[in-house]
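As structure tokens, the structure follows; a few thoughts come after it.
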Amino acid sequence: MDVVFQRCIHPDCGGTRAVEDTSFVCPRCGGLLDVAYDWDRLAPPKSLRAFEARWAERYDPLSFSGVWRFRDLLPFADPEKVLTIGEGQTILQRADVVAGYVGLEPGKLFLQYEGMNPSGSFKDNGMTAAFTHARMAGARRAACASTGNTSASLAVYCSATGLMKAVIFIGSGKISYGKLAQALDHGALTVQIAGDFDDAMLRVQQVAEKLGIYLVNSINPFRLEGQKTIMYRILEALRWQVPDWVVVPGGNLGNVSAFGKAFIELVELGLIERPPRLAVINAAGADTFYKLYEQNGLRWNGGRPESELRETYYRGLDADKVRASTIASAIEINRPVNLFKALRALERCGGVVREVTDQDILDAKAKVGAGGLGCEPASAASVAGTRRLRQEGVIAAGDIVACVLTGHQLKDPTATVAYHSADQQTFEQVLGQRGVRRATFANRAVQVPNDLDAIIRAIEVYS
Ligand code: F0G
């Protein structure tokens with residue numbers, strides 16, 4: 001057996017592929033693959049504190065990277081093969097104002113700001129890993145379907161390294177301007193499909209297979225290896241203490257799958273004693289995971305999930321012509337490709353799933369912006385979900401909670417400006433049709449004539 005290989009997630013199947021393989025489907029059952037390591041023949045650290053030595057080596061791009069300074073926990077590539085653009089320089093910020101909003105005690109809520117990545121979202125954590133693997137496999141073109149952030153990330157890695165051509169599939173009119181701007185500016189071949197993300201996802205898999213293009217969607221297990229490091233950085237910022245909860249928005253369910261794998265491995269390696277609990281938050285208009293997990297009782301069941309529940313649910317969506325619809329366009333997904341990996345993560349980490357409305361999301365987003373660094377709508381689902389779980393008493397007021405803020409505030413200015421706008425028409429056009437009725441935390445711009453006295457009066461009144 002190789003030291004590193006790809007292995008089917010279903011324990012009864014046992015299908016494997018070589019580490020360089022780029023098909024990303026189990027050869028036996030067509031299921032999802034993990035990157036698997038024979039840890040006995042590798043050199044995992046004896047304690048998480050060992051990583052602190054890397055802080056003194058920041059002149060080395062591999063140790064500067066917030067992904068690759070943890071390379072011993074994702075040892076699938078030779079260090080010389082690694083492609084990094086300085087991703088993962090993110091911060092875990094204590095957020096007391098937001099803690100008050102969600103009902104946690106001061107000092108208990110932390111926001112993991114993944115918007116600080118080079119392309120402005122958490123995707124760069126995974127993209128550096130997938131890109132490194134693509135280079136190992138000799139790929140010349142890389143493709144993805146995207147709600148905008150994966151495509152922006154891919155476009156940045158292609159333009160920054162000049163090693164591959166980016167081909168991106170997006171649903172027509174489905175991605176926010178900030179993200180579309182990135183894809184275009186970085187020179188990606190941008191294919192707008194008359195359909196939504198779920199359509200684009202299906203097509204990109206067909207095209208990648210036919211044309212031999214390297215696929216960087218999160219069905220690619222190497223992407224998820226990179227995303228594990230978001231959890232290592234949270235532990236690092238908490239001085240290696242495990243929080244009680246990690247809360248994350250759910251779209252294609254790559255993140256929760258990666259986080260689950262990270263914690264399962266850390267427990268197996270004896271580096272932590274227990275995993276945190278995981279909470280995945282869906283938007284109510286794109287809530288397949290919530291429905292299947294919390295309402296239909298679909299479980300990983302030790303590797304034997306009742307897959308028929310999913311097929312029946314999807315047939316129902318088709319029959320009723322249901323399409324995902326939410327202002328949080330990043331998570332406007334009804335057929336999450338990592339569903340089974342996510343179920344495994346929840347089983348091993350005692351997980352829950354909740355859904356929140358677009359109203360909840362935008363209110364939480366405004367609170368995040370007013371109390372910290374700001375995020376895009378999908379990211380605020382984690383905060384809105386935490387608030388819900390506090391109201392239900394599932395999360396206790398004294399629990400330590402880390403919410404992952406997945407994308408930067410400037411990714412979707414349209415939603416933000418509409419929320420804060422005093423113009424009823426703008427509000428209605430962008431948000432009203434989504435069922436958003438109020439902007440409780442709006443910060444309206446003040447209109448004044450171009451007159452010094454009037455300007456001064458306005459400032460005195462409002463500040
Ligand atoms: N938050 C943001 C900002 C995202 O862009 C995404 C996914 C998610 C959350 C959900 O993460 O898929 O791991 O559950 N965006 C993908 C994209 C689908 O194409 O950019 P997930």
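The values are calculated or read from the model by the stated rules, or taken from the named source; none is laboratory data. Nothing here was measured: the structure is a model prediction, and the numbers come from that model. Using ideal geometry, Cβ is built from the backbone for each residue, glycine included, and neighbour counts are taken over all protein chains shown. Keep in mind that these areas ignore ligands, DNA and RNA; they rest on the heavy atoms of the full protein, side chains included. Shrake-Rupley method; radii C 1.70, N 1.55, O 1.52, S 1.80 Å.
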Next on the checklist: Considering only residues that are in contact (Cβ under 8 Å) with a residue 60 or more places away in the chain, away from the ligand (no atom under 14 Å from the Cβ) and in a helix (DSSP H, G or I), which ones fall in the range 206-228?
Outcome noted: V207, A208, E209, L211, F222
Checklist entry - Could you list, in sequence order, the residues of the range 370-396 that are within 15 Å of the ligand (Cβ to nearest atom), out of contact with any strand residue (DSSP E or B) (no Cβ under 7 Å at 6 or more places or on another chain) and open to solvent by 10 Å² or more (accessible area, probe 1.4 Å)? => result none
Checklist entry - Would a scan of the range 244-259 turn up a residue that is farther than 14 Å from L343 by Cα, modelled with pLDDT of 95 or more and more than 16 Å from the ligand (Cβ to nearest atom)? => result yes
Checklist entry - For the range 1-72, list the strands (runs of 3 or more DSSP E) that sit wholly inside it and hold at least 2 residues that are under 30 Å from M116 (Cβ atoms); which are they? => result 33-37
Item to check | Residues satisfying the stated conditions in the range 176-204, i.e. open to solvent by 20 Å² or more (accessible area, probe 1.4 Å) and of a type in the set (V, I, T) | outcome: T190, V191, I193
Checklist outcome for this item: Residue pairs qualifying under the 7 Å Cβ cut-off, at least six apart or on distinct chains, with the first in the range 98-113 being basic (K, R) and the second being open to solvent by less than 10 Å² (accessible area, probe 1.4 Å), are K108/A99; K108/V401
Next on the checklist: Quick test of your reading of the structure: N443 fulfils all but one of (1) open to solvent by 80 Å² or more (accessible area, probe 1.4 Å); (2) in contact with a helix residue (DSSP H, G or I) (Cβ under 8 Å, 6 or more places away or on another chain); (3) under 18 Å from V356 (Cα atoms). Name the failing condition by number.
Outcome noted: (3)
Next on the checklist: I'm trying to understand the selection: among the residues of the range 321-350, which are open to solvent by less than 10 Å² (accessible area, probe 1.4 Å) and closer than 18 Å to W245 by Cβ?
Outcome noted: A342, A345, L346, C349
Item to check | Near pairs, Cβ below 7 angstrom, 6+ apart or cross-chain, from the range 51-69 (at negative phi) to any residue that is among the aromatic types (F, W, Y) and surrounded by 13 or more Cβ atoms within 10 Å (Cβ to Cβ) | outcome: F51/F70; R58/F64; L62/W68; R69/F51
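State yes or no: is Q433 more than 25 Å from the chain's Cα centre (by Cα), without any contact (Cβ under 8 Å) to a residue 12 or more places away in the chain and under 29 Å from M201 (Cα atoms)?
Details: more than 25 Å from the chain's Cα centre (by Cα): yes; without any contact (Cβ under 8 Å) to a residue 12 or more places away in the chain: yes; under 29 Å from M201 (Cα atoms): yes.
Spelling it out, Q433 is indeed more than 25 Å from the chain's Cα centre (by Cα), without any contact (Cβ under 8 Å) to a residue 12 or more places away in the chain and under 29 Å from M201 (Cα atoms).
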Next on the checklist: Between a residue in the range 389-409 that is free of Cβ contacts under 8 Å to residues at least 24 places away in the same chain and any residue that is crowded, with 23+ Cβ neighbours inside 10 Å, which pairs come within a Cβ distance under 8 Å, given they are 6 or more apart or on different chains?
Outcome noted: none
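Tell me, please, whether a residue that is surrounded by 15 or more Cβ atoms within 10 Å (Cβ to Cβ) and not in a loop (DSSP other than H, G, I, E, B) can be found in the range 431-438. Step through it out loud before you land on a result.
Initially, the range 431-438 is screened for residues surrounded by 15 or more Cβ atoms within 10 Å (Cβ to Cβ), giving 431, 434, 436.
With not in a loop (DSSP other than H, G, I, E, B) added as a condition, the list becomes 434.
Checked the range 431-438: at least one residue is surrounded by 15 or more Cβ atoms within 10 Å (Cβ to Cβ) and not in a loop (DSSP other than H, G, I, E, B).
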Next on the checklist: I need a count of the residues in the range 334-382 that are touching a residue at least 60 places away in the same chain (Cβ under 8 Å) and over 18 Å from R438 (Cα atoms).
Outcome noted: 29
